[in-house]
Amino acid sequence: MSRSSQLLFAAVLATATMAAHAQAVQTGGTLVVVPASGELVVPNDEARATLNVEEQDKDKGAAASRVNKKMKQGIEIVKKQDPQAQLKTRGYYTYAVYSEEAPRSNNKPRTIVGWRVGQYLEVTTTNLDGLPKTVAATQNILGLNNLQFGLSPATSKKLDADLINATYKNLNERISSIATAMGRRSSDAVVETVDFEGSGNYVQAAAAPKAMMMRAMADAPQEAVAEPSFEPGESTVGMHLVGKVRFK
């Protein structure tokens, strides 16, 4: 290499070094806000089934009596099939059924021709293998109004550590990418604050079930109901954080 080429190369190298140093100086003390997130896909291990019964009769007491009798029978069946299940009765209602004929006078109220009475039973269980059998055993008496799968509280609690690790790993990866873009080293970044947001918001709240349509009132024995097929599926759980990173 000639003398002139050596001088040119030295000048280019010095310029590049000064530019890199200038960039490092310019970004020194910079505070960067870095959002990060972690995500896990986990098989569902809990089911929440809403069972219900509804009766209609001209006699309000008769309708209520049948509802009370069938709900009691349904609860006994569920307890026998799945002793570990958590049961909760709710939504007892009594509605008047009016005649569809228009009143002769606007001042006269519509005629009550019957009563509609019903009640809901909420069953929460982790016995997913036995769920089809439990539901089928109750369907001669109670109707299946709603069914949702999700994660049990115990499983959600166990996932917390894995979510934190996954989210913090994502934060470090993003810091490394930002440092490279700024012409800095990852070791120059100092995490000053980590603000976790949305931790534990794994399962969306279930919508309240709607009242079922009127059904037959007969108490006659029915054929055994075939077991339904259920697929619990998976839940995607996530965690978010915002980190404040300062470069030296």
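Considering only the stretch 108-119, I want to know if a residue exists there that is at pLDDT 95 or above and either of a type in the set (S, T, N, Q) or in contact with a Ser or Thr (Cβ under 6 Å, 6 or more places away or on another chain) (or both).
yes
Just a yes or no: is a residue in the stretch 181-188 farther than 30 Å from I77 by Cα and among the aliphatic types (A, V, I, L, M)?
yes
I'm told S152 meets every condition in (1) touching a helix residue (DSSP H, G or I) at 6+ places or on another chain (Cβ under 6 Å); (2) closer than 28 Å to S229 by Cα except one. Can you identify the failing condition by its number?
Checking S152 against (1) touching a helix residue (DSSP H, G or I) at 6+ places or on another chain (Cβ under 6 Å); (2) closer than 28 Å to S229 by Cα, the one that fails is (1).
Contact list please: Cβ distance under 7 Å, first residue in the stretch 224-248 and over 30 Å from F196 (Cα atoms), second residue assigned to a loop (DSSP other than H, G, I, E, B), pairs at least six apart or on different chains.
Listed by first residue and then by second, the contacts come to V225/Q139; V225/N140.
At least 1 residues that are of a type in the set (S, T, Y), touching a residue at least 60 places away in the same chain (Cβ under 8 Å) and buried (at least 18 other Cβ atoms within 10 Å of the Cβ) in each: list the strands (runs of 3 or more DSSP E) lying fully within the stretch 63-163 that qualify.
Those strands (runs of 3 or more DSSP E) span 112-125.
Got at least one residue in the stretch 187-201 being open to solvent by 60 Å² or more (accessible area, probe 1.4 Å), of a type outside the set (F, W, Y), modelled with pLDDT of 50 or more and in a helix (DSSP H, G or I)?
Checked the stretch 187-201: at least one residue is open to solvent by 60 Å² or more (accessible area, probe 1.4 Å), of a type outside the set (F, W, Y), modelled with pLDDT of 50 or more and in a helix (DSSP H, G or I).
Restricting the search to the stretch 41-62, which residues are within 32 Å of the chain's Cα centre (by Cα), open to solvent by 10 Å² or more (accessible area, probe 1.4 Å) and of a type in the set (A, V, I, L, M)?
The answer is V41, V42.
The values are calculated or read from the model by the stated rules, or taken from the named source; none is laboratory data. Computed from a predicted model, the values in this text were never measured in an experiment. For neighbour counting, all protein chains shown are included, and Cβ atoms are generated from backbone atoms with ideal geometry for every residue, glycine included. Accessible surface is based on the protein model in full, side chains and every heavy atom, while ligands, DNA and RNA are left aside. Shrake-Rupley method; radii C 1.70, N 1.55, O 1.52, S 1.80 Å.
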